[in-house]
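The structure appears right after this line, and notes come after that.
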Amino acid sequence: MKFTSIENSAPTLRFEAANWIATDSMPRDQEQSHRLHEPEYMQSSIDPITGRDIENRANHPYLDDGILTIYFESNETRQAYLDTPFNHPFGKLPGMSSVDDDRGG
């Protein structure tokens, strides 16, 4: 029985070449895309008041705001959504409100 030893040699694949850093950007990548996170149109089929998914949206009330359409289970939940204060959805806060309590608006 004859054994042959395996000689250590340079690897066939050189992995350090895979870590190169590109210095020039392609012409299409020189400017940030303005449409990266801006969908053209969105539909929300989840009622924001009850949290239930609306499967058949044909006969349900909705609110259309430009690129967003929100569907509601009933006119009551739609009106409750419209009556919610924009800055503070809770009618009674547990304490005095401060600048840190701002919720946008």
For the pair A80 and L63, the simple spin-label estimate (label points 7 Å beyond Cα toward Cβ) gives in nm 1.3 nm
Please give, to one decimal in nm, the separation of the simple spin-label points placed at E55 and Q43, each 7 Å out from Cα toward the Cβ.
1.6 nm
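Bear in mind that the values in this text are calculations on the coordinates, not laboratory data. As the structure is a prediction and not an experimental result, all values here were calculated from the model. Neighbour counts are summed over all protein chains in view; Cβ atoms, including those assigned to glycine, are modelled from backbone coordinates with ideal geometry.
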